Every structure is written in structure tokens, then in C-alpha cells.
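Accompanying notes for the structure given below.
Where a number appears in this text, it was derived from the coordinates with a stated rule and is not lab data. This one's a predicted model, so the numbers in the text were calculated from it and none came from an experiment. All Cβ positions, even for glycine, are placed from backbone atoms using ideal geometry, and neighbour counts span all protein chains on display.
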Amino acid sequence: MPLEAAPTDGLPADVRQALRAKPALRPAGCDGAAALAALGETQRRLRTRLASAEARAFDQLIHLGAAPASGLAMVPAAALGLTDPAFAAAEPADRAAPPTGLGSLVLIAKLTRHCNLRCTYCTDWREGPGNRMTAATQALMVRRVAEDRSVATARFIWHGGEPSLLGVRRMLGFLWLQARLRRPGQDFTNSIQTNAAALPDPVVALWRLFDFKVSVSLDGPRAIHDRQRRTARGSASFDAVIDGIARLREAGVFAGVLIVVTPEVAACPVEKLVGELVDAGIHAAGFLPVRPDAGTGEGPYLPPAAFADFLIRLFDLLRTRPDLRFDVREIDALHAAWQRQATGFCELNGPCLGGYFGIEPDGTVRHCDKFLGSADHALGNLAERSFADIRASAEMTALKQREAERWLRLRTCRWYGHCKGWCPHESHIAARRGAAGRCCGLAPVFDHFETLAGAERQRA
Ligand SMILES: C[S@@+](CC[C@H](N)C(=O)[O-])C[C@H]1O[C@@H](n2cnc3c(N)ncnc32)[C@H](O)[C@@H]1O
Ligand code: SF4
Ligand code: SF4
């Protein structure tokens, strides 16, 4: 069933967006007290579902409110059942000194590569030992951020494999390390990307407690999702994911879905795609063109022209069907970029080298996690290099040189000032497949915006 219309018209756009992404928290009359009461009730309900050991930790933390970065460090690690020697050894370095810069880091942390699904296009999952980040490597990762005085804000994106498989204790451990090792004045935030196929209640409660933004992978209509995203045992996962989304929404942490656009998704009529999502109560999505292996360029692929065509069809549906109330991250960002406004989206923000790192379970650092498999994008290990070393490394210099050459090639496109070259990974794959051109691939979308705006002007 589509969601009922919400009385949000008089609210600012960002508030409307937030309420839309969290329909279960949308209060009937949009008054803040009702929203807070809904939150308190959710928290109480979650508490009753916890096993007794988790409940004790939950009580301690609830006491601290939603400010784990300052509060959690006051709870001794042992009291939270964190017995790994890495916790006892975690001593903050140089605590008194605040950051000297306003830099920001985004760390896509592969906390485990174990996974309960076997998605057709995915090469991220692994089996067996050595594929989960130890507490010692987590501590090293956090310490490397804390020791970098140029960093004022760090965002940890919990990735994998499937991060929900870590369980409450290990998650709490990672949060505790952040609280313990954070430099005063540094701001840390956490978000998570999950398949939501088997979310234990204590894990959802923990995410609620620490105010995570939880994004769920769902590949559109049931039939396609169940073909693309099967469990390790070979069964369908759609129903379990929809149930997971309902529980995340109830907890108020659901941020939206990520959909991998394979050629099959791109061939699905957009009315059907969006209609099925809206019927499932989903009103916000990001779309990832399926990417081949970054090393060889081989594997399932949606070329930029096909992705641009898909986005144009989506845009035309949404502008003619505002009643669907469906937000697409890429379209919102492209529309903002076309108007030369800030997009808040790395792919349209220009240079990203040095600001986004993928961290493997063994501490290997890569530029972004999209470059898994590309030896050129491996930048050493945190055990040997600080982030400052990595930024100054010969490998990083070589990547920057390659980026500069890419920009020189793309800047003849008249939309270059808007797209800023799009995501370097797209150009990297296009080059691997012998198709690097003078446009990143997004020009048709901007051309379409321009045509529509021209027609609008003529009508006015
Ligand atoms: C690697 S998964 C890790 C987190 C979690 N297991 C999940 O599926 O959400 C992160 C995201 O990458 C997407 N992904 C995996 N392989 C991909 C590929 N070859 N091309 C595009 N996206 C991919 C997944 O669908 C998911 O949205
Ligand atoms: S659930 Fe995530 S990590 Fe697991 S196979 Fe699917 S995309 Fe890969
Ligand atoms: S490589 Fe692409 S996805 Fe990764 S940080 Fe850069 S723009 Fe973003």
C-alpha cells in the first residue's frame, strides 16, 4: 500500500526529506513532542527484547544518551564485556591537543568480509579466517584518525561483507574504541550499509541507541531482487529484507535503500520499479550502476550511457508523478549540480583523492572501496603508514597525476563545470574496457534538464 500523504507542506525541505525517510516516526500533526514520545516508546520496546547480558550494557548506555563519542569512554571496557587485550591497550595519544585543521575523512571500513548472501555481482564477500577486522586493527584505524591533527570530522561507514554479522559485542567494542581514542574536538559519526536479511533485535537496538543512519540494499522488485540477492544457502531474501526494513523503520534508523542497477534492473519499466518500492513503503533510494572488477574491468557492467538513460527515465517519471513522493539520491544531486548548487554527494563534488579510504580487514588502505581488485589504488597498510604518509605517498601522487590527466580530457565537455568529472571509478572502468571518451557519461542528463527548462520558459 502507498503511504498516506503527510501534512508536511509548510516545513523546510530538509525536514520534509528527513520525515519522508522515516515514515514510522512521522507524527500525525508534525509536532515535536509526539515524535519524541514515539522515540521513547520504540526504545522501551527494544529494551524488552534484549537478552539479559545485552540489556545490562543497553541500560548503561541509555544512561549516557545519544552522545557515545563522549559518554561511552566513561564505561570501562571490561564492564561492557570487552575482554580482547586491544581494549586494555587502547590509550589515547596526545589527548589534550585539539585538531589544527578542518579536514574531513570518510572511511569505508570493511569490518568483516563474511556474508550471509551471495549476490550475483558481488566480489566483496569472503569465507574463512582472517576476513574479520580484529579489535587491534579497529583500534589502529581509529588511532590513525585521532593522531591526524588535520582531521576535524571522520565518518565511519560500516561495510563488508555483512556488518550486521559482527553482533552487538563487537559493534560496541568499535564504538568504545572511537570514544576512547578520539581526539577532543574531533567529531566522529557512524553509518551502516546492510543487506538487512537477518538482523538480530539487539543489533537494531544498538543502532537506535547510537543514532546510526542505516541504509539497506534492496534490488527493486521482488522477482529481480530474489534473482540477484540470494542467501548463501541459495534461497530468496526479499521477504526477510522487507521485514528488516520494517524493524529498522520502527526503530527510527532507516535511511533508505541502495539499488544495484544491473542491465536487468535498467530494463525494468521505471513505473514498475518505483511502484513496487512505494508499495513496500520505500520513498528514498540511491542507485549504483553495477561495477565490474576494478583490476581487470571484467564482470557485469552497466555503461554510463545506459545509466544516464535510466536516470532520465526515472526523472521523467518522478516529475510527472509527484504523488509517488519518491526521492532518488542521484537525481537530487544531479539536479542541484545542474543549478550549480552544492550536492553533498562525493561523485559530483570534484576531487575525492585523499578524503575517502576503503579499509580492508587486515588494515590495507585503498582509495575508496570501489577500487577493490585494483593494485594501482592500494595505498599501503595502516600498520606502516599514517593517513598523512598515505596522502604524501608516491602511489597517491601517481593517482593524482592520473586524475589531472582525466580532468584535462573531460574539461572540453560543456557540462564539466557541473559534473566535475563524475566518479573517477566510472572513467577507470571505461578506460579498462577501451571506451574512455571526452564526456564522463552524464551529459545526456544535463542536456535533458536544459531541454525541459527551455520548454518551460517557452510556456511561461
Ligand atoms: C559490498 S556491500 C556491503 C554491505 C552489505 N553486505 C550490503 O549488501 O548492503 C555494499 C553495497 O555494494 C553493492 N555492491 C556489491 N557489489 C557491487 C557491484 N559489483 N556493483 C555495484 N554495487 C555493488 C551492494 O549491493 C551494496 O549495496
Ligand atoms: S550482501 Fe553485500 S557483501 Fe554480501 S554478497 Fe551481497 S552485496 Fe556482497
Ligand atoms: S571514487 Fe567515486 S564513489 Fe569513491 S569517493 Fe570518489 S567519487 Fe565517491
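Using only DSSP helix segments of four residues or longer, with each worth -39500 (n - 2.57), what per-residue ellipticity at 222 nm results for the chain after dividing by its residue count and rounding to 500?
Details: 19 runs with 197 residues, N = 460.
Helix contribution divided over all residues of the chain: -12500 deg cm²/dmol.
Please state the relative contact order of the chain as a whole percent: Cα pairs under 8 Å, 6+ residues apart? Walk me through the numbers before you get to the answer.
On the way: 769 pairs, mean separation 72.4, N = 460.
Across the chain, relative contact order equals 16 percent.
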Most exposed first by the Cβ proxy, i.e. fewest other Cβ within 10 Å, how do VAL278, VAL204 rank?
-> VAL278, VAL204
For segment 285-297, Karplus couplings with θ = phi - 60° (6.51, -1.76, 1.60), whole Hz, Gly/Pro x = 8, x, 10, 10, x, 4, 10, x, 4, 6, x, 9, x
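Could you calculate the FRET efficiency of GLU405 with ALA375 from 1/(1 + (r/R0)^6), where r is the beta carbon distance between them and R0 is 25 Å, rounded to 0.05? Walk me through the numbers before you get to the answer.
Numbers: r = 19 Å, r/R0 = 0.76.
Taking R0 as 25 Å, the efficiency between GLU405 and ALA375 is 0.85.
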Pull up the cross-link candidates among the lysines for LYS400, meaning alpha carbon to alpha carbon under 17 Å and not fewer than 8 places away within one chain.
-> LYS370, LYS420
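What order do you get for MET74, MET396, MET141 when you list them from fewest to most C-beta neighbours inside 10 Å? All intermediate terms of the calculation are to be shown ahead of the outcome.
Working: MET74 11, MET396 18, MET141 26.
If I rank by nearby Cβ atoms, fewest first, I get MET74, MET396, MET141.
Stretched out fully, how many nm does the piece from ALA398 to GLN339 gain, at 0.36 nm a residue minus the Cα gap?
Numbers: separation 59, 0.36 × 59 = 21.24 nm, distance 3.28 nm.
Result for the pair: 18.0 nm of gain on full extension.
If you take every DSSP beta bridge whose two residues both sit in the chain, what share of them, in percent to the nearest 5, is antiparallel? Could the numbers behind the result be given before it?
Working: 7 of 41 bridges.
About 15 percent, rounded to the nearest 5.
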Cα atoms only, the chain: Rg and Dmax in Å?
-> 22.3, 70
What is the calculated FRET efficiency for ALA267 to THR320, with r their C-beta to C-beta distance and R₀ = 22 Å, to the nearest 0.05?
-> 0.60
What ranking of ARG132, ARG118 emerges when the number of other C-beta atoms within 10 Å of each C-beta is taken as an exposure proxy, fewest first?
-> ARG118, ARG132
Row for segment 71-138, column shape: gyration tensor on C-alpha, a ≥ b ≥ c, rounded if a/c < 1.5 i.e. under 1.5, prolate if a/b over b/c, else oblate; value oblate
Could you size up the charge dipole of segment 94-244 around its Cα centre, putting +1 on the beta carbon of Lys and Arg and -1 on that of Asp and Glu, and report it in debye to the nearest 20?
-> 340
For segment 161-171, in order, what is each residue's ³J(HN,Hα) by Karplus, 6.51 cos²θ - 1.76 cosθ + 1.60 with θ = phi - 60°, in whole Hz (x at glycine and Pro)?
-> x, 10, x, 5, 5, 5, x, 4, 4, 5, 5
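So, with +1 on the Cβ of K and R and -1 on the Cβ of D and E, and no other charges, what is the size of the charge dipole of segment 312-460 about its Cα centre, to the nearest 20 debye? If you can, show how the numbers build up before the last one.
On the way: 22 positive and 19 negative charges, 126 e Å.
Roughly 600 debye for segment 312-460.
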Please get the size of the charge dipole for the chain, origin at its Cα centre, with Cβ charges of +1 on Lys and Arg and -1 on Asp and Glu, quoted in debye to the nearest 20.
-> 340
Compactness of segment 404-459 - radius of gyration and Dmax, Cα, Å = 13.4, 45
ALA284's amide H: which non-local residues (gap 5+, or another chain) put their own amide H closer than 5 Å, with H modeled 1.01 Å from N in plane and none for Pro or chain starts?
-> VAL257, ASP327
